[in-house]
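Below is one structure, written out as structure tokens; comments come after it.
The values are calculated or read from the model by the stated rules, or taken from the named source; none is laboratory data. Owing to the predicted nature of the structure, the values given are computational and were not obtained by experimental measurement. With ideal geometry, Cβ positions are generated from the backbone for all residues, glycine too; neighbour counts draw on all protein chains shown. Just the protein is used for accessible areas: all its heavy atoms, side chains included, with ligands, DNA and RNA removed. Shrake-Rupley method; radii C 1.70, N 1.55, O 1.52, S 1.80 Å.
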Amino acid sequence: MNEPMNFSGGPGALPASVLRETRDAIEALPETGLSVLGMSHRSEWFRSVLDEAERNLRALLGIPEHYHVLFMQGGSSLQFSMLPMNFLRASRRHAEYIVSGYWSAKAPVEARLEGDTRVIWDGRADGYRRLPAAGELPLSPEAAYLHYVSNETVEGLEFADTPGLPGVPLVCDMSSNLLAAPLDVERYAMIYAHAQKNLGPAGVTVVILRDEFARRATTGLPTLLDYRTHIDARSVYNTPPVFAIYVLMLVTRWLRDEIGGVQAMAAINQAKSDVLYRALDADPGFYRVHGATSCRSTMNVAFRLPDPQMETRLMESARREGFHGLEGHRSIGGLRASLYNAVTLEAVTALAEWLGEFRRREA
Ligand SMILES: *Cc1c(COP(=O)(O)O)cnc(C)c1O
């Protein structure tokens, strides 16, 4: 029996060193002697945590000065609503959405409540097995914004190229792959990602927002649903999730100091997904990867076995070997191994070897 390894789709694995520091901080922070759970969000200590989290994110991703970095609540699902409230409601333009999986399908539902919403590509009829090529997107230069999800967490599809037209604000939900690889932030008007897949524990959502785009927001919104509230209050308008932001800050330190940055992380993530896909591809009649080969995600590997009973057997037997969280999302079933930043190459290699053994035993 191995040490338990966490391949959960989310909340996902966190680095072992971050968990140790977090455990100590729950008892007493080295800086204050008090538990992190009882620290005031107005304390100098917390201001320095927020400042460092922002500074580290800016350095890791190359976020320019004319972008705001906000720490918000409500998860990525609230962003599905806040985006059109702020940027579609009072606009005379329409918003465009790419629907390429379970999560991106949720976003236009909220936008329709606010204004003219057009789904310009929808992969539902194909069971979300591939992503659109650039030439398939009927993009309009008049759109208020274009929204897409860079990594479909449920189906395991990841965009290799950035869609969009110059001049049209591009908005991306990067909940399951922010910090997994380098990124050209300047291509985007807004990026958002909740923490619980790749950045930290649940409770905080990072929003990276271009200043010039933020200024176009509608006025007259409820205070908490207006991005400018969070910009002006520097993410402490009301009580923020102090604990989640603290752990997120530790994760950014880990990524910088132990991994060596986002470029180094991307190389590790590539190696991890290569090892796993190779094991699955060894017998494509047995392990069936959900997505088309050209759209495969480095973060979420969704696959099936010849029959559901065998899938149940695999999950039970995997758990006994220390491989946890392999169940597929309830919307599509099957199996899914999530290879977020904190999942080690050693863990993925062990899983890949074990999947090979399982196949030889059962096929
Ligand atoms: C998990 C997920 C969500 C849902 O986020 P919540 O924080 O639970 O609202 C949204 N988008 C993507 C891409 C996800 O993977």
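Numbers at a glance
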quantity	calculated
Cα gyration tensor, the stretch 99-249 - rounded (a/c under 1.5), prolate or oblate	oblate
Within the chain, helix-based [θ] at 222 nm, where runs of 4 or more DSSP H residues each add -39,500 (n - 2.57), nearest 500	-11000 deg cm²/dmol
Cut-off under 5 Å, modelled amide H: who pairs with residue 301 long-range	337, 338, 339
Candidates per trypsin sites (Lys or Arg not before Pro) in the stretch 167-235, loop by DSSP, up to 13 other Cβ within 10 Å	215
Spin-label pair residue 309/residue 186, simplified geometry with 7 Å Cα→Cβ offset, distance in nm	6.0 nm
Under 15 Å, Cβ to Cβ, from residue 187 - net charge with Lys/Arg +1 and Asp/Glu -1	-4
Sum of side-chain charges, residue 91 neighbourhood, beta-carbon under 10 Å (Lys, Arg +1; Asp, Glu -1)	+2
In the stretch 54-148, the trypsin sites (Lys or Arg not before Pro) that fall in loop regions by DSSP, at most 12 other Cβ within 10 Å	92
Calculated from backbone phi, Karplus (6.51, -1.76, 1.60) coupling profile of the stretch 86-101 in Hz, x at Gly/Pro	7, 10, 10, 3, 9, 7, 8, 9, 10, 10, 10, 10, 9, 10, 10, x
Around residue 28: net Lys/Arg minus Asp/Glu count, Cβ-Cβ under 15 Å	-2
Gained length - residue 34 relative to residue 116, 0.36 nm times residue gap less alpha-carbon distance	24.5 nm
Positive dipole terminus of the chain, leading residue within 284, 259, 79 (C-beta point charges)	79
Anisotropy class of the chain from Cα gyration tensor, a/c 1.5 cut	oblate
Solvent-accessible area of residue 71 with every protein chain in place, 1.4 Å probe, in Å² to the nearest 10	10 Å²
Relative contact order (%) - criterion: Cα under 8 Å, at least six apart; region: the stretch 95-192	27 percent
Neighbour-limited loop hits for GluC sites (Glu not before Pro), the stretch 1-46 (at most 14 other Cβ within 10 Å; DSSP other than H, G, I, E, B)	31
